[in-house]
1. So what is the relative contact order of the range 24-93, in percent, for Cα pairs below 8 Å that sit 6 or more residues apart?
2. When the chain is fully extended, how far beyond the present Cα-Cα distance does Gln86 get from Phe71, taking 0.36 nm per residue of separation?
3. Per residue, how many Å² of accessible area does the range 107-157 show with a 1.4 Å probe?
4. Helices from the chain with mean Kyte-Doolittle at least 1.0 and a Cα length along the axis of 24 Å or more, per DSSP H: which?
5. In whole percent, and with a 1.4 Å probe on the protein chains, what portion of the accessible area of the chain is carbon and sulfur?
6. If Lys94, Lys33 are ordered by their accessible area, calculated over protein heavy atoms with a 1.4 Å probe, which sequence runs from highest to lowest?
7. Grab the Cα-Cα distance for Gln162 and Lys93, subtract it from 0.36 nm times how many residues apart they are, and report the gain in nm with one decimal.
8. What distance in nm separates the two pseudo spin-label positions at Met182 and Thr6, each 7 Å out from Cα along the beta-carbon direction?
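The values are calculated or read from the model by the stated rules, or taken from the named source; none is laboratory data. These figures come from a predicted structure and were not determined experimentally. Cβ sites come from the backbone with ideal geometry, for glycine too, and all protein chains shown count toward neighbours. Accessible surface areas use protein heavy atoms only, side chains included; no ligands, DNA or RNA. Shrake-Rupley method; radii C 1.70, N 1.55, O 1.52, S 1.80 Å.
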Amino acid sequence: MISYFTIFIGAVFVNNIILTQFLGICPFMGVSKRISTALGMGMAVMFVMTLSTLITHILYYSYLKPNGLDFMMTVSFILVIASTVQMVEIIVKKTSPILYQALGIFLPLITTNCAVLGIAIITIQKNYTLMASLWYAFSSAVGFTLATVIFAGIRERMALNQIPQSLQGTPIALITAGLISMAFMGFAGIIH
């Protein structure tokens, strides 16, 4: 039996969805210019990832697998994720218009965020129970949020510094992301 503590530490630090599995790079790079926006995106991803994993797990084990429709997994999961994101977008627009404007195009892009689909598929591949799948999805979303907020904090500080012309913008962001990824590699070996 797998420990929930092990799942959490593994998903947040050791196998961070962005920094070691390289899933969800688009919102990581796009929404990480301000900490508040990164945190808002992280919360939206946390909600979408956990809810869509719940729905996809139930769909897979109660309908697709028993009926021999395993090959429809990816298409079905994409439809579930798109519907969930649409629901979140409507809720965020009504409850927090400022966050909705700050997230801009990146909120609908959660639909195509490969991290959300990746987690739903990984939980099926690892043959997790429903509770373990939900915990893994939540933990991965916490790791996504942590990495995005750390990156946003560094980018806010970099905006105050003089950066050579040739490295401004995307080049320095990619170098910084690589360094953060290397720092997270230091957690490898904590769990196996």
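1. On the way: 23 pairs, mean separation 21.0, N = 70.
Relative contact order comes out at 30 percent.
2. Computed gain between Gln86 and Phe71 is 2.9 nm.
3. On the way: 1870 Å² over 51 residues.
With the other protein chains kept in place, the range 107-157 gives 37 Å² per residue.
4. Details: long enough: 35-59 (35 Å, 1.71); 73-95 (33 Å, 1.42); 130-158 (42 Å, 1.06).
What comes out of the filter, once short or polar helices are dropped, is 35-59, 73-95, 130-158.
5. Values: 6970 of 9960 Å².
C and S atoms contribute 70 percent here.
6. Working: Lys94 165, Lys33 130 Å².
Sorted descending by solvent-accessible area, the residues read Lys94, Lys33.
7. Numbers: separation 69, 0.36 × 69 = 24.84 nm, distance 3.68 nm.
21.2 nm is the gain from fully extending Gln162 to Lys93.
8. 3.1
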